[in-house]
Amino acid sequence: MNIPQMCPRFEKAMELLSKRWTVLIVFQLTNGPQRFVAIENSIPNLSGKVLSDRLKELEEEGIILRMVYPEKPVRIEYSLTDKGRDLAPLFDHIGTWATRWVEVLPAIEQ
């Protein structure tokens, strides 16, 4: 039996994108540049510490850009780079797949 080898680039991409919250952060930034608090407030249950860690990782990978505006107070915005924007079609495909196949149970009232 011939077992296909995993492509190292695909494996690295999946490792990066499969970290909790990463894809949701990138997806949120498809709406345009945003400040830290806007991202944090848009994703329920995401802590500021984890968001900070993920933003640093995504910046190191060249997926997001951190812009510091020398104003008083200092304004920092995060946006997608070309590399990050290239993920947008994947979100469209996942959305189509989810609409077709993922069932969401109604919230249980207490």
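In segment 44-75, which residues are farther than 16 Å from LEU16 by Cα and surrounded by 15 or more Cβ atoms within 10 Å (Cβ to Cβ)?
Within segment 44-75, LEU46, LEU65 qualify.
Check whether at least one residue in segment 57-77 is under 10 Å from the mean Cα position of the chain (by Cα) and over 21 Å from GLY95 (Cα atoms), and report yes or no.
Within segment 57-77 (the criterion being under 10 Å from the mean Cα position of the chain (by Cα) and over 21 Å from GLY95 (Cα atoms)), the answer is yes, since at least one residue qualifies.
For (1) in contact (Cβ under 8 Å) with a residue 40 or more places away in the chain; (2) in contact with a Lys or Arg (Cβ under 9 Å, 6 or more places away or on another chain), each residue gets a yes or a no:
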position	(1), (2)
GLY32	yes, no
LEU46	no, yes
GLU59	no, yes
PRO73	no, no
LEU80	yes, no
ASP86	no, no
ALA98	no, no
GLU103	no, no
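Take the residues of segment 17-61 that are part of a helix (DSSP H, G or I) and of a type in the set (Val, Ile, Thr): which is farthest from LEU87 (Cα to Cα)? I'd like the intermediate steps shown before the answer.
Here is the first cut: in segment 17-61, the ones part of a helix (DSSP H, G or I) are 17, 22-29, 36-42, 48-60.
Filter once more, so that each one left must be of a type in the set (Val, Ile, Thr): 22-23, 25-26, 37, 39, 50.
Numbers: THR22: 12, VAL23: 9, ILE25: 12, VAL26: 8, VAL37: 23, ILE39: 18, VAL50: 21 Å.
Top of the filtered list is VAL37.
Every residue in segment 62-95 that is part of a strand (DSSP E or B) and among the basic types (Lys, Arg), please.
ARG66, ARG75
Taking segment 28-43 as the region of interest, how many residues are β-branched (Val, Ile, Thr), surrounded by 11 or more Cβ atoms within 10 Å (Cβ to Cβ) and over 21 Å from ALA88 (Cβ atoms)? Please lay out each step first, then the result.
Keep residues of segment 28-43 that are β-branched (Val, Ile, Thr), which gives 30, 37, 39, 43.
Next, only the ones that are surrounded by 11 or more Cβ atoms within 10 Å (Cβ to Cβ) stay: 30, 39, 43.
Imposing the further condition that a residue be over 21 Å from ALA88 (Cβ atoms) reduces the set to none.
Going through segment 28-43 one residue at a time, the tally reaches 0.
Please go through segment 6-25 and give me each residue that is open to solvent by less than 80 Å² (accessible area, probe 1.4 Å) and out of contact with any Lys or Arg (no Cβ under 9 Å at 6 or more places or on another chain), ordered by number.
Correct list: CYS7, ALA13, LEU16, LEU17, VAL23.
The values are calculated or read from the model by the stated rules, or taken from the named source; none is laboratory data. None of the values given here were measured: they were computed from a predicted structure. So basically every Cβ, Gly included, is an ideal-geometry build from the backbone, and we count neighbours across all protein chains shown. Areas reflect the complete protein model, heavy atoms only, side chains present, ligands, DNA and RNA absent. Shrake-Rupley method; radii C 1.70, N 1.55, O 1.52, S 1.80 Å.
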